[in-house]
């Protein structure tokens, strides 16, 4: 029986991972970690019986420990607890579904402990890809992408010569505001930004999708994951979210992965790779689909994508600044403290203010993150 740890178990990817576990019945969950949703976490503990559980907030961890005191589960908290969950002895695969740069240290710890990573935490590669990818090679562990686009690329590369890749065609739905002007975006409310046309995701990533910042993060992630330059990753808008991404080879051939917009497919593929298992659900009906449309992304209206390419090309600590500024800006927008267009203004301001450090270690990455938060607080408060 395969054994896994799930970091971010109460979020969108975490809960869908556990849906796959529930349906397949041959995976044991040995560790769970969550931020603060201890009600859902308790339900998960009672169903999946993990050895260790981490709650980020100490007070919530204490409360959870009392409610599950009848069970033989160890409850821990904070970064030390998160790392303990990531390195749980029996787990073979660690699903990193936590949001944000908090995922870097537990991912590195899991890899150093010889665990394969089912990667849903894109910030880890965006900010520390230069550390993560060489470490994976050194430790002989797999990085199995869970993002639908990166899973599609991974699947399209199966059995192919990676050196023959001409470019990666990373698809985007365009989000809820595809075709809108900047003038129209001035009036965007939270409720509008949370209405993704195709995917059901967490609140933060749905905001990132609407600004196309998420696509920019995915470009940087693909750059590291598939060992290609930033300019070899081309974003193509595919509004129906049927083609999840494509790879074009040196001979002109293009291989694509298609499917319905269901995150359980890439999650299950990562957990069972290279095996394919039956997955219940809707199937593509090409006769009903009729046609598949493509568009060029509007990088002037959605400047977050343009800034992501700049951050990725310059490298060093700049991708960290891009990511950290967006994390804070998206949170402020969700708290109704800033306007929609201010999200990207904050990212641009933080990038312009930052003095880039090349090849940063983890301490320098976390330092750049904190400096970015401090800059935004001083500039926009």
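Values quoted throughout were computed directly from the atomic coordinates according to the rules given, and no laboratory measurement underlies them. On a predicted model such as this, the values are computed, not experimentally measured, just so you know. Don't worry about glycine lacking a Cβ; one is built from the backbone with ideal geometry, like all the others, and counts go over all protein chains shown.
Show me 371-378, 21-28, 9-16, 238-245 ranked by packing, highest mean number of other Cβ atoms within 10 Å first.
Ranked by mean Cβ neighbours within 10 Å, highest first: 9-16, 238-245, 371-378, 21-28.
Is it possible to state the helix-based mean residue ellipticity at 222 nm for the chain, with each DSSP H run of 4+ residues giving -39500 (n - 2.57), the sum divided by total residues, to the nearest 500 deg cm²/dmol? What is it?
Roughly -14500 deg cm²/dmol at 222 nm, from the helical runs in the chain.
Using 0.36 nm per residue, how much length does the chain from residue 260 to residue 310 gain when fully extended, once their Cα-Cα distance is taken away?
Additional length available on full extension: 14.8 nm.
If I model a spin label as a point 7 Å beyond the Cα along the Cα-Cβ vector, how far apart are those points for residue 25 and residue 364 in nm?
If labels sit at residue 25 and residue 364, their model points lie 5.3 nm apart.
With springs connecting C-alpha atoms under 10 Å apart, model the chain as a Gaussian network and identify which of 117, 38, 168 has the largest mean-square fluctuation.
Maximum fluctuation in the GNM of the chain, among the listed residues, is at 38.
Pairs of alpha-carbon atoms within less than 8 angstrom and 6+ residues apart define the contacts here; what relative contact order does the range 1-150 have, in percent?
22 percent
Taking the alpha-carbon centroid of each part, what is the distance from the range 124-164 to the range 290-331 in angstrom?
Using only Cα atoms to place each centre, the spacing works out to 20 Å.
Each label point is 7 Å from the Cα along the Cα-to-Cβ direction; what then is the distance between the points at residue 203 and residue 381, in nm?
Going by the 7 Å Cα→Cβ label model, 2.1 nm.
At q = 0.15, 0.17 Å⁻¹, what log₁₀ I(q)/I(0) does the range 68-173 have when each alpha carbon counts as one equal point scatterer in the Debye sum?
-0.70, -0.85
What is the projected area of the convex hull of the Cα atoms of the range 5-160, averaged over all directions, in nm²? Intermediate results must be reported in sequence, preceding the final value.
Working: hull surface 36.5 nm².
The orientation-averaged projected area of the Cα hull of the range 5-160 comes to 9.1 nm².
At 4 °C and a viscosity of 1.567 mPa s, what translational diffusion coefficient does Stokes-Einstein give for the range 272-381, taking Rh as the Kirkwood radius over Cα pairs? Give it in µm²/s as a whole number. Please list the in-between numbers first.
Working: Rh = 16.6 Å.
Answer, rounded: 78 µm²/s.
Starting from the Cα gyration tensor of the range 197-331, take the square roots of the eigenvalues, sort them a ≥ b ≥ c, and report rounded, prolate or oblate (rounded when a/c is under 1.5, otherwise prolate if a/b is larger than b/c, else oblate).
Prolate is the answer for the range 197-331, as a/c is 1.5 or above and a/b outweighs b/c.
Hey, any idea what the orientation-averaged projected area of the convex hull of the range 329-379's Cα atoms comes to, in nm²?
3.8 nm²
Report relative contact order for the chain in percent, whole number only (criteria: Cα-Cα under 8 Å, sequence separation at least 6).
14 percent
Which log10 I(q)/I(0) values does the chain give at q = 0.06, 0.08, 0.10, 0.12 Å⁻¹ under the Debye formula, counting every alpha carbon as one identical point scatterer?
Treating every Cα as an identical point scatterer, log10 I(q)/I(0) equals -0.22, -0.39, -0.63, -0.93.
Of 39, 126, 87, how do they rank once you tally other Cβ atoms within 10 Å and put the fewest first?
Lowest to highest Cβ neighbour count: 39, 87, 126.
Taking the alpha-carbon centroid of each part, what is the distance from the range 19-53 to the range 200-245 in angstrom?
Distance between centres, Cα-based: 29 Å.
If I stretch the segment between residue 182 and residue 42 completely, what's the gain in nm (0.36 nm per residue apart, minus their alpha carbon distance), one decimal?
Working: separation 140, 0.36 × 140 = 50.40 nm, distance 4.42 nm.
Fully extending the segment from residue 182 to residue 42 adds 46.0 nm.
Taking the Kirkwood radius as the inverse of the mean 1/r across Cα pairs, report the Rg/Rh of the range 36-80.
Using only Cα positions, Rg/Rh for the range 36-80 is 0.91.
For the range 275-331, I need the span (max minus min coordinate) of the C-alpha atoms along each principal axis, in Å, sorted largest to smallest.
45, 31, 25
Relative to 2.2 N^0.38 Å, what does the C-alpha radius of gyration of the range 1-60 come to as a ratio? Two decimals please.
With N residues counted in the range 1-60, Rg over 2.2 N^0.38 Å equals 1.03.
For the range 180-274, what percent of Cα pairs sit more than 21 Å apart? Before the final figure, lay out each step's value.
Numbers: 2013 of 4465 pairs.
It works out to 45 percent of all Cα pairs.
Can you compute log10 of I(q)/I(0) for the range 52-115 with the Debye formula, treating each Cα as one identical point scatterer, at q = 0.18, 0.21, 0.25, 0.28 Å⁻¹?
-0.65, -0.84, -1.05, -1.18
With r as the distance between the Cβ atoms of residue 240 and residue 139 and R0 = 41 Å, compute the FRET efficiency 1/(1 + (r/R0)^6) and round to 0.05.
Efficiency, from the Cβ-Cβ distance: 0.55.
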